[in-house]
Amino acid sequence: MLRLLSKDFAEFAAKLEMDYIFAWLDWDGDNVLANAGIIDYGSVRQFGIRHDSYRYDDVERFSTNLNEQKIKAREIVQVFCQLVDYLRTGIKKPLKSFNKHQVLKDFDHAFAQARCDRLLYRVGFSKPQREYLQKRQKSAFNRFDKIFSYFEKAKVRGPQQKVPDGTNLPALYNMRRLLAYLPKTYLAFLPSNTDFKSKNIPERDFLKQAVSRFANRQESTLKEKHLKKIRQFQSCYKNLIHLVSKVPTRRGTKTESIQTVLSGLNERSQKINADTRLTGNSLIQIVDVLVQAQRAGLSYGDIQETIDHLVFEVSHLPENHSYSSTDSLARTSDLVRKIKQLLKTHTEDI
């Protein structure tokens, strides 16, 4: 039980961190089941970009932030280490005596693996490609992870800002948009494999795609300090693509072309990193629009069909290809368009 619980919480915490899902995981512990399933969605929200400085103000105290959720998940596992030991020995030992428990080391390892897999998934790599990079090309991944995190965790200048239900210092870059932009752009100007390693997207274009709407004019202007980081990012990103292109396919020793790898990345990353992000702020506006539509006479069946379509739109699963709709979507097309616009308007919000 302890090993399974540790693995579940490690993978859960990694997904929360990499998908920018705020779930608290502190004293408001009724948000989560012992199998790391969420049950209290009132305290859960998804951020459009990495707003890891956001804290919820619950009057008595502020919540944890996105970066601290792994720590809290690990502490939950540590309490279960204490619990299991008590069941075995009948003696309740201090919690701190389990600081170096083997299960906590297993938690750290499982978290690192799950986080690595989730980042490569967001880039657009297939499962076999992710497994190859994690098992055979760890150093190449670590270099990419380091430069990716540099951009992902960067914040706009200034102090913490007051928001309606807490405080936040917005993220400077939108890495989702960048990950969707890169493969299609490389495909557009790559006539052959020979050009791939030497051809870079212009730094100005890279920065334009990366900066979030929270960046001011100065932060959006290309400077000397950006050049090295942008070139480093592109070098590490392209190196991963080059490495997976050399992985033998199931049919034998034939490897894939750079264009084939990029095409697969492009197809998956466009869905995974779509700008129809259901953030907390967009959800507030969408619920208001649905309530207004119901009061205006829209049937509950049509509202449910609209919600089902919305769930499909925001699932961002590359395996999903089409939505099997009914005639009601034609009747609610204006409502659907309004909701999609709200999703895009608030796609970078908390």
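The values are calculated or read from the model by the stated rules, or taken from the named source; none is laboratory data. These numbers were taken from a predicted model, which means no experiment stands behind them. Backbone-built Cβ (ideal geometry, glycine too); neighbour counts: all protein chains shown.
What the table below lists for this structure:
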quantity	calculated
Only listed residue being closer than 14 Å to Leu240 by Cβ, of a type outside the set (D, E, K, R), part of a helix (DSSP H, G or I) and modelled with pLDDT of 95 or more, chosen from Leu104, Leu83, Leu87, Leu133	Leu133
Residue check for Ser53: within 30 Å of Leu178 (Cβ to Cβ), modelled with pLDDT under 95 and touching a Lys or Arg at 6+ places or on another chain (Cβ under 9 Å)	no
Some residue of the stretch 156-174 being under 28 Å from Ser263 (Cα atoms), in a helix (DSSP H, G or I) and in contact (Cβ under 8 Å) with a residue 40 or more places away in the chain	no
The listed residue being at pLDDT below 95 and crowded, with 20+ Cβ neighbours inside 10 Å, out of Phe47, Phe22, Phe62	Phe22
Candidate set from the stretch 217-256 (those that are polar (S, T, N, Q) and at pLDDT 90 or above); member that is farthest from Ser198 (Cα to Cα)	Gln218
Subset tally (residues that are of a type in the set (A, V, I, L, M, F, W, C) and surrounded by 18 or more Cβ atoms within 10 Å (Cβ to Cβ)) for the stretch 299-308	0
Considering residues of the stretch 108-156 that are within 13 Å of the chain's Cα centre (by Cα) and basic (Lys, Arg) only, the residue nearest to Leu4 (Cα to Cα)	Arg115
Subset of the stretch 91-120 (residues that are buried (at least 19 other Cβ atoms within 10 Å of the Cβ) and closer than 13 Å to Phe141 by Cα)	Arg115, Cys116, Asp117, Leu119, Leu120
Residue that is surrounded by the most Cβ atoms within 10 Å (Cβ to Cβ) [pool: residues in the stretch 25-44 that are within 25 Å of Cys116 (Cβ to Cβ) and small (Gly, Ala, Ser)]	Ala36
Lys271 over 18 Å from Ile201 (Cα atoms) and either in the same structural domain as Val44 (by TED's automatic domain parsing) or basic (Lys, Arg) (or both)	yes
Matching option when the condition is part of a loop (DSSP other than H, G, I, E, B) and of a type in the set (A, V, I, L, M, F, W, C), among Ala73, Ala34	Ala34
